[in-house]
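These notes are about the structure you will find just below.
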Amino acid sequence: MTRRAAAPLILLLLTGSAWVAPPAVAAHGGTLPLGPAGLEETRTTRTVQPGVTLTRIVRGHTDPRAVWTVEVAIPHGPGSPDPDAPPAAISDEAGARATADRLRSAGLDPRVEKVTTPTLADLSGDLGWRVRVGGTATKAEADVIRQQVIAAGLGGATVYTGWDGEPDDVAGSTGPWHVDVLTVDPRVFTGRFAATYGPDLEQRETTSRLAALSGADAAVNAGFFVLDPAAGAPGDPAGVAAYDGRLVSEPVAGRPALVLRDDARRTSVVRLRWHGRVAGLPLDGLNRVPGLIRNCGGTGDTPTDLPLHDFTCTDPDELVAFDAAYGPRTPSGPGVEVALDRGGRVAEIRTARGGTIPAGGRTVQATGSTAAALLATVHAGRRLPVRTWLTDDRGRPVPTPPHTSIVNGGPELVRDGRLHATPAADGMVRPGDPGFAYGWVHKRNPRTFAGVDAAGRTVLVTADGRSTASMGLGIAETAAVAKALGLRDALNLDGGGSTTMVVAGTVIGTPSDAAGERPVGDALVLSRP
């Protein structure tokens with residue numbers, strides 16, 4: 001089925017018991033709120049399996065105003081709080097103009113531009129100032145200008161202005177955009193909807209590989225995960241994760257998560273916190289390298305206990321529990337480790353961290369001052385129960401019975417049918433570093449997001465980006481698209497090079513990494529009965 005936005009026709013999908021409108025017809029005449037209202041848009045919908053439809057949306061065309069340019073890295077001057085900080089794409093006006101003067105003295109013609117971000121639930125206004133040079137039809141031409149910028153003693157990146165996300169550009173850009181939407185109707189769906197991490201948490205697999213391992217008809221990448229070994233174990237969820245009712249990774253304090261069931265009923269977006277204890281001592285984490293807290297949001301960590309996205313907080317004194325989900329061996333290093341058999345009794349006390357996990361059992365690692373505290377409470381044969389549980393942001397228990405999955409995400413996008421994008425609360429706005437929010441929140445990137453509509457259908461969405469064929473979405477645009485698709489509650493999932501949708505064994509979008517499809521931490525999969 002194909003629908004063009006110019007026609008006043010709304011196609012309906014047969015669900016088996018009643019005719020219902022597809023989720024993406026609620027706003028803007030049924031079109032996406034991207035670019036001018038009259039921009040061309042086509043939608044093609046097909047059935048993937050009973051109760052699951054795929055809708056491909058193509059909106060807009062190449063913007064004749066978009067060009068390639070060089071975005072200059074602005075050095076921090078002596079007036080900066082940290083003059084030794086690395087150059088940034090965003091600075092204060094004085095720093096931007098000083099950088100422009102340097103470029104002019106080298107014979108270049110820079111422009112200084114104020115960057116104003118669209119209004120979000122907890123972020124709005126001016127982010128700062130940027131400096132750009134040139135405006136060419138091709139990247140190769142802009143790369144030549146970049147070399148001139150480097151010769152002037154500065155750095156920079158070649159970027160496409162179609163990837164900007166300023167408020168005036170949001171309304172005026174013509175795209176194009178490619179958006180793919182999987183809709184799961186629990187009234188018809190008879191398959192299995194779940195999250196999977198593959199053989200173990202410590203390794204990464206592509207979304208297509210995770211789909212194949214699950215025998216899934218469709219899949220999308222899911223939560224944030226550790227990528228750099230210096231930040232922990234690659235593949236480890238960087239936030240909450242539960243699979244088939246088993247909690248294997250703790251939340252980033254209060255950040256949103258997608259909670260789902262195998263039957264695709266009662267999918268929800270919930271802000272989660274967690275609690276864990278062993279031997280009367282508080283646990284710091286689950287299935288991660290002690291001392292390294294990716295995305296922060298723990299307890300007693302440096303530099304903050306608040307969420308701080310794509311940042312690794314540290315804590316020398318931690319207690320972390322492991323089970324077989326982690327991998328064949330626990331991380332090695334100084335500290336102690338207690339191995340528990342399947343009955344929860346102490347089978348071994350190790351004077352250094354690292355070793356195998358007993359079959360059906362688990363281990364507990366302790367570092368720093370917690371090592372002595374743990375050793376003081378254990379002895380061979382003692383039963384040592386490990387208790388963990390989740391609560392929502394009001395302190396109410398969030399159970400994880402069998403057939404339940406949870407994947408981490410952020411920021412929140414839509415709450416109770418209203419726009420509610422919260423990048424500051426969820427750690428995507430760094431104090432003193434406007435450049436991070438500029439690149440992560442403000443600018444257009446590939447995005448994956450998910451939510452539930454008023455009819456109880458789960459909706460999984462990917463938007464290609466970082467190419468001239470598809471612009472991607474800023475966070476403000478992502479929230480607006482989620483609302484236009486009829487979502488009552490929605491959150492952003494891992495995006496960028498991770499954004500991938502797989503249908504019938506084929507990657508249907510265009511992953512943005514130069515190497516192609518990125519191995520990820522986990523995926524949401526839709527399998528047949």
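The values are calculated or read from the model by the stated rules, or taken from the named source; none is laboratory data. Bear in mind that the values here come from a model prediction, so they are computed numbers and not experimental data. Glycine gets a Cβ as well: all are built from the backbone with ideal geometry, and neighbour counts include every protein chain shown. Calculation scope for accessible area: heavy atoms of the full protein, side chains included, ligands and nucleic acids excluded. Shrake-Rupley method; radii C 1.70, N 1.55, O 1.52, S 1.80 Å.
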When you go through (1) surrounded by fewer than 16 Cβ atoms within 10 Å (Cβ to Cβ); (2) aliphatic (A, V, I, L, M); (3) not in a helix (DSSP H, G or I) one by one for Ala372, which number turns out not to apply? (3)
Residues of segment 202-230 being touching a helix residue (DSSP H, G or I) at 6+ places or on another chain (Cβ under 7 Å) and over 17 Å from Gly191 (Cβ atoms), which ones? Asn221
Residues (out of contact with any Gly (no Cβ under 7 Å at 6 or more places or on another chain) and not hydroxyl-bearing (Ser, Thr, Tyr)) located in segment 387-409: Trp389, Leu390, Asp392, Arg394, Gly395, Arg396, Pro397, Val398, Pro399, Ile406
Could you pull out every one of the strands (runs of 3 or more DSSP E) wholly within segment 387-477 that has 1 or more residues that are in contact with a Phe, Trp or Tyr (Cβ under 9 Å, 6 or more places away or on another chain) and either small (Gly, Ala, Ser) or without any contact (Cβ under 8 Å) to a residue 12 or more places away in the chain (or both)? 404-408, 458-463
Just one of Gly135, Gly153, Gly128 is over 30 Å from Ala484 (Cβ atoms), touching a residue at least 40 places away in the same chain (Cβ under 8 Å) and assigned to a strand (DSSP E or B); which is it? Gly135
Would you check if Gly521 is open to solvent by less than 40 Å² (accessible area, probe 1.4 Å), of a type in the set (Gly, Ala, Ser) and closer than 30 Å to Tyr326 by Cβ? yes
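Each row is one residue, and each column tells you yes or no for (1) modelled with pLDDT of 95 or more; (2) over 22 Å from Gly509 (Cα atoms); (3) touching a Ser or Thr at 6+ places or on another chain (Cβ under 7 Å).
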| position | (1), (2), (3) |
| --- | --- |
| Asp426 | yes, yes, no |
| Asp433 | no, yes, no |
| Asn445 | yes, no, no |
| Gly472 | yes, no, no |
Run down Leu306, Leu272, Leu292 and say which single residue is under 25 Å from the mean Cα position of the chain (by Cα), closer than 27 Å to Asp393 by Cα and open to solvent by 60 Å² or more (accessible area, probe 1.4 Å). Leu306
Select from segment 378-430 the residues that are touching a His at 6+ places or on another chain (Cβ under 9 Å) and of a type in the set (S, T, N, Q) and write down the one among them that is farthest from Asp284 (Cα to Cα). Thr391
Determine if segment 129-136 includes at least one residue that is open to solvent by 30 Å² or more (accessible area, probe 1.4 Å) and touching a helix residue (DSSP H, G or I) at 6+ places or on another chain (Cβ under 6 Å). yes
Evaluation of Arg342 against (1) part of a strand (DSSP E or B); (2) open to solvent by 10 Å² or more (accessible area, probe 1.4 Å); (3) at negative phi (one fails), failing number: (1)
For segment 263-292, what are the residues that are in contact (Cβ under 8 Å) with a residue 60 or more places away in the chain, of a type outside the set (D, E, K, R) and part of a strand (DSSP E or B)? Ser268, Val269, Val270, Leu272, Trp274, His275, Gly276, Val278, Leu281, Leu286, Leu292
Of Pro402, Pro328, Pro397, which residue is surrounded by fewer than 16 Cβ atoms within 10 Å (Cβ to Cβ), at pLDDT below 95 and under 32 Å from the mean Cα position of the chain (by Cα)? Pro328
Residues that are of a type in the set (Asp, Glu) and either within 30 Å of Arg265 (Cα to Cα) or under 20 Å from the mean Cα position of the chain (by Cα) (or both): does segment 166-175 have at least one? no
Taking the condition under 22 Å from Gly245 (Cβ atoms) and of a type in the set (Gly, Ala, Ser), does Gly191 pass? yes
Name the one entry in Ala484, Ala480 that is open to solvent by 10 Å² or more (accessible area, probe 1.4 Å), of a type in the set (Gly, Ala, Ser), over 22 Å from Ala238 (Cβ atoms) and at pLDDT 95 or above. Ala480
Count - residues of segment 420-433 that are touching a helix residue (DSSP H, G or I) at 6+ places or on another chain (Cβ under 9 Å) and not aliphatic (A, V, I, L, M): 3
What residue, of Val184, Val240, is under 27 Å from Ala455 (Cβ atoms) and more than 17 Å from the chain's Cα centre (by Cα)? Val184
Within segment 144-196, count every residue that is closer than 20 Å to Gly439 by Cα, in contact with a Ser or Thr (Cβ under 7 Å, 6 or more places away or on another chain) and open to solvent by 30 Å² or more (accessible area, probe 1.4 Å). 2
Can you name the residue in segment 381-394 that is open to solvent by less than 80 Å² (accessible area, probe 1.4 Å) and not charged (D, E, K, R) and, of all such residues, is farthest from the chain's Cα centre (by Cα)? Gly381
Taking the criterion of being open to solvent by 10 Å² or more (accessible area, probe 1.4 Å), in contact with a His (Cβ under 9 Å, 6 or more places away or on another chain) and of a type in the set (A, V, I, L, M), would at least one residue in segment 457-471 satisfy it? yes
Do we have His28 as open to solvent by 20 Å² or more (accessible area, probe 1.4 Å) and either acidic (Asp, Glu) or at pLDDT 50 or above (or both) here? no
